[in-house]
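Novice: One structure, pasted below without further comment.
The values are calculated or read from the model by the stated rules, or taken from the named source; none is laboratory data. Predicted model only: the values in this text are computed from it and were never measured. Glycine gets a Cβ as well: all are built from the backbone with ideal geometry, and neighbour counts include every protein chain shown.
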Amino acid sequence: MMELLGQSFFDNPVPLLAALGVIWIGLLAGWWAKRDRRLMIGLLVTPVVGAAAVLASWMVQTPEEDIEQRTEELAAIIMRNDWQKVQSYLADDLDGPYGNKEQMLLLAKTVVRRMNVSSAKIVSNNVEFVEDIAVSRVKAKISYDGELGPAMYVTGWMVYWAWRDNDWKIISVSPEQPLPRGGFL
């Protein structure tokens, strides 16, 4: 339970800041009525606690944020055609509807080359944990040069991450919706 509270605090300190704001208003009202020195100290300490909360939230990277960042990095690496680096994001035991690590890498290279992909932008990335596996629902906007000229396609993927070799690695990937007919391969 404490881990969940800590996790949500680092993900989003806004509820804590709202509570501190309510406390501060209460302290202000109390100080205004009584002019008590202890209430004045509370008025000064409350913003310091809020600032510390914001600073801690900014400094701590949660596993969800780590996976979101790695997903953004992976899209940029694919656009640079740095397939050696892409390989470092894939777990050795990767297995999914597109095969193992080597087959997945070959398929990705083929799709990017044949579609003449010009950009890949992550539109959304929602990460949830199921035990020790991170399930990432990724929506990406792919721009490419099609037969009729430049085109764009929004695609959704389920990306499964696991902690391997001191880092998050992809253990499986599957499309959320069918790929366009005849479009990619």
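Novice: Would you be able to say whether some residue in the stretch 87-107 is within 18 Å of residue 177 (Cβ to Cβ) and among the aliphatic types (A, V, I, L, M)?
Specialist: yes
Novice: Among the residues of the stretch 44-85, count how many are of a type outside the set (Ser, Thr, Tyr) and closer than 16 Å to residue 163 by Cα.
Specialist: 9
Novice: Need a quick list: helices (runs of 4 or more DSSP H) entirely within the stretch 15-130 having at least 3 residues that are surrounded by 13 or more Cβ atoms within 10 Å (Cβ to Cβ) and touching a residue at least 40 places away in the same chain (Cβ under 8 Å).
Specialist: It comes to 37-59, 63-79, 101-115.
Novice: Still on this structure, I have one more. Checking residue 120 against (1) out of contact with any helix residue (DSSP H, G or I) (no Cβ under 6 Å at 6 or more places or on another chain); (2) small (Gly, Ala, Ser); (3) within 25 Å of residue 66 (Cα to Cα), which test does it fail?
Specialist: It fails just one condition, (1).
Novice: Does residue 136 meet the test of being closer than 28 Å to residue 165 by Cα and assigned to a strand (DSSP E or B)?
Specialist: For residue 136, the condition - closer than 28 Å to residue 165 by Cα and assigned to a strand (DSSP E or B) - is met.
Novice: Still on this model: Do we find that residue 64 is modelled with pLDDT of 90 or more and acidic (Asp, Glu) in this structure?
Specialist: no
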